[in-house]
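**Q** There's a structure below that I have some questions on.
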Amino acid sequence: MSFKKNKDTFNESSIISTINEIKSSNDSLLMDNFISEFTPFIKKEVIKFTKKPFEIENTFEFSVAVLAFKEAIDYYSENQHLSFLDFSSLLIRKRLLDYVKFSNGKKTFSISNFKKKHLHLIEQLHLPEQNKYHKEYTMLYEISIFKKMLKPFKISDENLLKYSPRNDIIKHKCFKVAEEILKNNDLLEDILTKKIYPVSKLQKITQVKKRDIRYHKGFIVSAVLIFSSKLDTLKGYINNFLDEKFEKTGVLIAMKENYGIVVTKEFLFLSIPKKPSMAIGQTLEFKSFYLSIIKGVSHDIVIKVLIIIAILSMSAAFLFSFLAQLFLV
């Protein structure tokens, strides 16, 4: 699959043929390849809208644009009197506009002028009121608010990944601390209003070691922030946090250069390999083998473990070959 990169000279019939194949086969690999081909186009649309040319691919705006591009694939038809790229361009801008309105961020353009200029085109999109991407957009919006809530505590995505509990005993202790905060107005005020994390108070009330309370700060604070908030979609998703069963699904909350970070229904933070079609807010499924390695472990550690396994395997193969030759001689 290959398309010319000049928007004015794209092979429209080839694009439509590929879109129809994606729709009929539901082929995720074909979808990934198609989105990968058009990633420069998606980035260009985001840059035009945000006026921010740097580090676009790991932003919320880029995830909005990827979701909008996938939505365009689903809802495009040739009788809309627009080329696919014109249709997807308009839809990307509309969804970015929705995101800006929701997040109340700093506006670098006039929303009213945008609406006035594109109203007649927006009416041609013919989108259903509640399509299948509605929940993903809502989840993305709520995750963006959740990230803002974490900032005063200096908790990064990597903190969530690295300092999440690595076994059920520690996890239960952390939820015991979070639960105590949620039902104690003074402790809740410390977190939500004063933006402080009262380790000594928590240790006295819960009898959990200070070391554990400090080490798992990101996990405990994030649990308190989510369950005391009005982030209903995100809160509703995390409903099995004390269940020992693992459903092998998670919502993508962050994008990095080579991997994504997800939160599962059991409130575990995990890293997974990055794909072109990934967008923050999406619910993703994992492979059992990968999960058995990465559960509660940072991405860097995962890579190191895999490298060590590969080296040991190669060493064993070399040793076996050497011994075989030795005995044959």
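The values are calculated or read from the model by the stated rules, or taken from the named source; none is laboratory data. Fair warning: this is a prediction, and the values are worked out from it, not measured in the lab. Positions of Cβ are generated from backbone atoms using ideal geometry, with glycine treated the same way; all protein chains shown enter the neighbour counts. These area figures cover heavy atoms from the full protein model, side chains too; ligands, DNA and RNA do not enter into them. Shrake-Rupley method; radii C 1.70, N 1.55, O 1.52, S 1.80 Å.
**Q** Mind checking which pairs have a first residue in region 29-55 that is on the phi < 0 side of the Ramachandran plot and among the charged types (D, E, K, R) and a second that is loosely packed, with under 14 Cβ neighbours inside 10 Å and at pLDDT below 90, Cβ under 8 Å, 6 or more apart or different chains?
**A** Correct list of pairs: E37/M1; E37/S2.
**Q** Could I ask something else about it? Check region 60-71 and report whether any residue there is open to solvent by 20 Å² or more (accessible area, probe 1.4 Å), modelled with pLDDT under 90 and either outside any helix (DSSP H, G or I) or among the aromatic types (F, W, Y) (or both).
**A** The answer is no, given that none of the residues of region 60-71 is open to solvent by 20 Å² or more (accessible area, probe 1.4 Å), modelled with pLDDT under 90 and either outside any helix (DSSP H, G or I) or among the aromatic types (F, W, Y) (or both).
**Q** Further, regarding this structure: Quick one: how many residues across region 177-200 are over 21 Å from P165 (Cα atoms) and in a helix (DSSP H, G or I)?
**A** Residues flagged as over 21 Å from P165 (Cα atoms) and in a helix (DSSP H, G or I) within region 177-200 amount to 8.
**Q** Any idea which residue in region 84-117 is nearest to K132 (Cα to Cα), counting only those that are small (G, A, S) and at pLDDT 90 or above? Walk me through it before giving the result.
**A** Taking region 84-117 first, the residues small (G, A, S) are 88-89, 103, 105, 110, 112.
Subsequent filtering for residues that are at pLDDT 90 or above retains 88-89.
Working: S88: 17, S89: 19 Å.
Looking at the filtered set, the residue picked out is S88.
**Q** Here's another thing I want to ask about it. Just to check your reading of the model, which residue among A279, A254 is open to solvent by less than 20 Å² (accessible area, probe 1.4 Å), assigned to a loop (DSSP other than H, G, I, E, B), under 20 Å from K148 (Cβ atoms) and at pLDDT 85 or above?
**A** Working: A254 fails: assigned to a loop (DSSP other than H, G, I, E, B).
Exactly one residue qualifies, and that residue is A279.
**Q** Given (1) open to solvent by less than 60 Å² (accessible area, probe 1.4 Å); (2) closer than 19 Å to L252 by Cα; (3) touching an Asp or Glu at 6+ places or on another chain (Cβ under 8 Å), where does L30 come up short, assuming only one miss?
**A** Result: L30 passes all but (2).
**Q** Going through region 1-27 one residue at a time, which ones are at pLDDT below 80 and open to solvent by 100 Å² or more (accessible area, probe 1.4 Å)?
**A** K4, K5, D8
**Q** Also, quick follow-up: I need the full set of residues from region 202-223 which are under 21 Å from S156 (Cβ atoms) and touching a residue at least 12 places away in the same chain (Cβ under 8 Å), in order please.
**A** Step one: filter region 202-223 for residues under 21 Å from S156 (Cβ atoms), giving 211-223.
D212, I213, R214, Y215, H216, K217, G218, F219, I220, V221, S222, A223 - these are the residues of region 202-223 that are under 21 Å from S156 (Cβ atoms) and touching a residue at least 12 places away in the same chain (Cβ under 8 Å).
**Q** Take the conditions without any contact (Cβ under 8 Å) to a residue 40 or more places away in the chain and closer than 20 Å to L268 by Cβ and apply them to I226. Does it pass? Let's see the steps before the verdict.
**A** Working: without any contact (Cβ under 8 Å) to a residue 40 or more places away in the chain: no; closer than 20 Å to L268 by Cβ: yes.
Criteria not met by I226.
**Q** What are the residues in region 43-59 that are open to solvent by less than 60 Å² (accessible area, probe 1.4 Å) and acidic (D, E), if any?
**A** Of the residues in region 43-59, the ones open to solvent by less than 60 Å² (accessible area, probe 1.4 Å) are 45-47, 49-50, 56, 59.
E45, the sole residue that qualifies.
**Q** When you go through S164, S156 one by one, which is the residue that is open to solvent by less than 10 Å² (accessible area, probe 1.4 Å), of a type in the set (S, T, Y) and at pLDDT 85 or above? Explain how you work it out, then say what you get.
**A** Values: S156 fails: open to solvent by less than 10 Å² (accessible area, probe 1.4 Å).
Only one candidate qualifies: S164.
**Q** In region 83-94, what residues are of a type outside the set (V, I, T) and open to solvent by less than 30 Å² (accessible area, probe 1.4 Å)? Walk me through it before giving the result.
**A** At the first step, the residues of region 83-94 found to be of a type outside the set (V, I, T) are 83-91, 93-94.
Listed by number, the residues that qualify are F84, L85, F87, S88, S89, L90, L91.
**Q** Is there any pair with a first residue in region 181-201 that is under 18 Å from I226 (Cβ atoms) and a second that is open to solvent by less than 30 Å² (accessible area, probe 1.4 Å) and part of a loop (DSSP other than H, G, I, E, B) whose Cβ atoms are under 7 Å apart and which are 6 or more apart or on different chains, and what are they?
**A** Sorted first by the residue in region 181-201, then by its partner, the pairs are L187/P198; D190/P198.
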